[in-house]
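Rule-based calculations on the coordinates, nothing more; no lab input. Nothing here was measured: the structure is a model prediction, and the numbers come from that model. Don't worry about glycine lacking a Cβ; one is built from the backbone with ideal geometry, like all the others, and counts go over all protein chains shown.
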There are 2 protein chains.
Amino acid sequence: MTKSTEIPYKIYLEESEMPKAWYNVRADMKKKPAPLVNPGTGKPMTAAELEAVFCADLVKQELDNDTRDFPIPDDIRNFYKMYRPSPLVRAYCLEEKLGTPAHIYYKFEGNNTSGSHKLNSAIAQAYYAKKQGLKGITTETGAGQWGTALSMASAYLDLDLIVYMVKVSYEQKPFRREVMRTYGSRVIASPSDTTNVGRKILEEFPGTGGSLGCAISEAVEYAVTHEGYRYVLGSVLNQVLLHQSVIGLETKAALDKYGVKADIIIGCAGGGSNLGGLISPFMGQKLRGEADYDIIAVEPASCPSFTRGVYAYDFCDTGKICPLAKMYTLGSSFMPSPIHAGGLRYHGMSPILSELYDQKLMRAVSVEQTEVFKAAQMFARIEGILPAPESSHAIKAAIDEALKCKETGEAKNIVFGLTGTGYFDMVAYGQFNDGKMTDFIPSDEDIAKSIALLPKV
Amino acid sequence: MTKSTEIPYKIYLEESEMPKAWYNVRADMKKKPAPLVNPGTGKPMTAAELEAVFCADLVKQELDNDTRDFPIPDDIRNFYKMYRPSPLVRAYCLEEKLGTPAHIYYKFEGNNTSGSHKLNSAIAQAYYAKKQGLKGITTETGAGQWGTALSMASAYLDLDLIVYMVKVSYEQKPFRREVMRTYGSRVIASPSDTTNVGRKILEEFPGTGGSLGCAISEAVEYAVTHEGYRYVLGSVLNQVLLHQSVIGLETKAALDKYGVKADIIIGCAGGGSNLGGLISPFMGQKLRGEADYDIIAVEPASCPSFTRGVYAYDFCDTGKICPLAKMYTLGSSFMPSPIHAGGLRYHGMSPILSELYDQKLMRAVSVEQTEVFKAAQMFARIEGILPAPESSHAIKAAIDEALKCKETGEAKNIVFGLTGTGYFDMVAYGQFNDGKMTDFIPSDEDIAKSIALLPKV
């Protein structure tokens, strides 16, 4: 408890040390990630096709596999300054509790009102929409982290935002909904009567609680049928990983400042936005042969796209209206069990990360829900931060690696991404506190069934 | 949005610049605050009497009007390092939106899991309980901020904690309850069958939702009837203001670092823990004649102890079991209207602040709930942080002062305390978003009635 060292508990960079450009890891990849494909034509999506749905500048970022650094516009940097640089924390207390010789660091992205790293891409996407002179943007949200982040960004830029929120979450998670409304967003329970696809589903299935696939379909329909609107997405896409590189760039700058070389880098992985951002500059060094790192993606055992999926073209959404992406996937018809880490319940994985994983430049592990909450509770009590269930997947893996170091006596530097806080996840914590949490692991048959339905490309 | 200046958006002190001692403003007061009085004997409470309920070291701090600096023990400083120094934020975006020549700064205490400044005193009180070799501590909580803070501190020190939570909050605010349980606290709905006073109330009023007064009575009874337990309190007391001086000391150090002299200092005031801590070093200068500041306490119009109360001896609790304190009070039988800033619904005010206010060393204003939420919403959209309703009282007053500067053209430096976040107050925000929020202002008759019942000392 009274350990003394030159490395502070929290390393805050100066504002002047914040990254001035996002880093595009694709520029350093010899084999590039596979392009998005138009399911109608079977050919790579063109910029023109994408611009019907997405903002023009974001389409450029999406398709650019070569430009290494994208300067961060001043307005975005100034917004970042309201909550960044985020601290890189040395987990002295956790190290002591575990009795490990390892040094554990975590990059904490939860100290902003959206409660997660999602804000890093939300402000960028909202900025380019505003720059294009759009009236507004649309999106979908499940648990509500992405919707909250985008609400904050849109309020700041005075941009209209319509969030289609899965009806069951809209009703059961009124707090997140009210945060978004406080920021001035229109939050619509999906399915709704505001779109054709919504009306059709309501007619067929009156009383349905909705799904993320349906909410995406509604958000896209609204955007393409209303003048001056575009659709934005919080994960999976290349542009999102580009914006999230700010996490990794700050992490690396903070470690460099104290002469610390990371050995292991760990992040939770759903669609890949956090992990992709955290590892990008380190992966860049690895791709250029300048340094080596053991990079670990942690996914829930209930939704194991890396560890039990296949690398193939698939729909990004369950509604099958978005382009096809080549990625590690369980099949877009795979229905993840109802685990509490909603942000990790995604059938696929970012095409960039999928390609890097396929090239064996990183590895993946899967962990079960109850073990994750045990780690989360321990972390909360020792380090003081109540972590989001998603982030707790990385905590669990980091603890496991630190305990391995205890066995071998190695003083490795372990760095993990703490993506957010769990204040809006107390129903799950309550279930855990009451000893009523269970694990869900899909059967081989379940996975085989949805993989058999993959589209032929 | 692109204002450039040498002062960063967020001023973070280095860990080495954190205060090494708490500052006791009483040492610089010529006329000291009045002592606590034993309602039975009518005489000042002795250390021995207080030690039956409170920890010994804390009693010393409570009674010491002369020692100027109390060194902060290393273990507490190390705990502080997990979430302090807290940032002093320059509100560039708010200034621009208001079009004011004033410079606005806020000390943000919400970036920890308890979501407020309460943690500063919670860890200190838990530490001295542990040092005394106690098994555990007891307390009460209403909305749950104090209970959460104390749960975090107790978990860290492996100390047993029993929280009596007002039953209606226990049932209606399950999220806060689960945070406390996640940290290992025993949370008991009050009134309960675990104490004589609880059983008696349950018998008389079966089905009652409980009250803070009743919860205090149960927590104190449990502490005094169980070997190795003491009772702790999160506001009002001198010791609490002492610990909270860390807020003001950091604020002053950060301003000094950039050569900024505050003109106006603003804090919300319920029991006075935040305001007292924020202003203490500045008030010290004022008391010593070294500098002058315009210091403003902001209270809710529904519970206006400074602006409409009297300065007299009164019970600290509605249950009338605690010692008498001389303070600005509306009478311990005053029932504050159900406003959403639960942390400000207190009939009295810290004896230290009461004495300073009586000496006209600070002033007070009261603000109405709907105006407070308008300011809160504006602040959230512009500065990105979703503030607690309590903190938003200070925001409202700061905006008012900044707008006065706009009229006069004065570039004053306005500093206010942003005590915490509003993530667990979304029911109130929802009411505001729906346009259903109303104001509550007590009548002169209501206040006169409860003041008439003040004890004779």
For region A:126-228, alpha-carbon Rg over 2.2 N^0.38 Å
1.02
Taking the alpha-carbon set of region A:253-402, what are its Rg and Dmax in Å?
15.8, 48
With θ set to phi - 60°, apply the Karplus curve 6.51 cos²θ - 1.76 cosθ + 1.60 along region B:301-311 and write out the HN-Hα couplings as whole Hz, x wherever there is a Gly or Pro.
4, 7, 9, x, 5, 5, 7, 9, x, 10, 9
Taking the convex hull of Cα positions in region A:222-300, its mean projected area over all directions (nm²):
7.1
List the longest stretch of chain A that has no exposed loop site; here a site is one of the GluC sites (Glu not before Pro) assigned by DSSP to anything other than H, G, I, E or B, with at most 11 other Cβ within 10 Å.
A:15-226
Considering only the other residues whose Cβ falls under 15 Å of the Cβ of B:D434, what net charge follows from Lys and Arg at +1 and Asp and Glu at -1?
+3
Can you say what percent of the DSSP beta bridges in region A:60-204, counting only those with both residues inside, are antiparallel? Round to 5.
20
For region A:1-127, what log10 I(q)/I(0) values come out of the Debye formula at q = 0.14 1/Å, with one point per alpha carbon and no solvent?
-0.84
Counting Lys and Arg as +1 and Asp and Glu as -1, each charge on the Cβ, what is the dipole of the protein assembly as shown about the Cα centre in debye, to the nearest 20?
500
Convex hull (Cα only) mean projected area of region A:18-87, reported in nm² to one decimal
6.4
Hey, in the protein assembly as shown, which Cys have no second cysteine's beta-carbon closer than 4.7 Å?
A:C55, A:C93, A:C214, A:C268, A:C303, A:C405, B:C55, B:C93, B:C214, B:C268, B:C303, B:C405
Intensity falloff of chain A expressed as log10 I(q)/I(0), Debye formula with alpha-carbon point scatterers, at q = 0.07, 0.12 Å⁻¹:
-0.32, -1.00
Give the whole-number value, in cubic angstrom per residue, of the convex hull volume spanned by the C-alpha atoms of region B:56-194.
162
222 nm mean residue ellipticity, helices alone, for chain A (DSSP H n ≥ 4; -39,500 (n - 2.57); rounded to 500)
-12500 deg cm²/dmol
Taking each residue of B:420-432 in turn, how many C-beta atoms of other protein chains fall within 10 Å of its C-beta, and what is the average?
4
Kindly write out, for region B:395-403 in residue order, the coupling ³J(HN,Hα) from the Karplus curve 6.51 cos²θ - 1.76 cosθ + 1.60 (θ = phi - 60°), rounded to whole Hz, with x marking Gly and Pro.
4, 4, 5, 5, 4, 4, 5, 5, 6
Under a 5 Å amide H to amide H cut-off, with H placed in plane at 1.01 Å, what residues pair with B:V89 once short-range neighbours are removed?
B:I11, B:Y106, B:K107, B:F108
Which value in Å is the Kirkwood Rh of region A:1-56 over different Cα pairs?
16.6
Rounding to the nearest 20 debye, state how big the charge dipole of chain B is about its Cα centre with +1 on each Lys and Arg Cβ and -1 on each Asp and Glu Cβ.
260
Acute angle (nearest 10 degrees) that the helix A:273-287 long axis makes with the longest principal axis of chain A, alpha-carbon atoms:
60
For region B:77-124 versus region A:39-58, the gap between their alpha-carbon centres in whole angstrom:
44
Tilt relative to chain B, helix B:238-257 - C-alpha long axis, 0 to 90 degrees, to 10
10
Please work out the Cα convex hull volume for region B:167-321 and give it in Å³ per residue.
182
In Å³ per residue, the alpha-carbon convex hull of the protein assembly as shown encloses 163
With +1 on each Lys and Arg Cβ and -1 on each Asp and Glu Cβ, and nothing else charged, work out how big the dipole of region B:1-120 is about its Cα centre, in Debye to the nearest 20.
400
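Let me check I have the definition right: for region A:52-123, take the eigenvalues of the Cα gyration tensor, multiply each by 5, take square roots. What are those semi-axes in whole Å, largest first?
Three semi-axes, in Å: 34, 16, 12.
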Relative to the first principal axis of the alpha-carbon coordinates of chain A, what is the inclination of helix A:369-383, with its axis defined by its Cα atoms, in degrees from 0 to 90 and to the nearest 10?
50
What share of all Cα pairs of region A:347-438, in percent, falls into each consecutive 10 Å distance bin?
15, 39, 32, 13, 0
Starting from the coordinates of the alpha-carbon atoms of region A:303-367, obtain the Kirkwood hydrodynamic radius over all distinct pairs and give the value in Å to one decimal.
12.0
Alpha carbon convex hull of region B:141-188, projected area averaged over orientations, nm²
2.6
Give me the Kirkwood hydrodynamic radius of region B:111-151 in Å, from all C-alpha pairs, to one decimal place?
10.6
Can you tell me how much longer the chain between B:E6 and B:K43 gets when fully stretched, taken as 0.36 nm per residue apart minus their C-alpha distance, in nm with one decimal?
7.8 nm
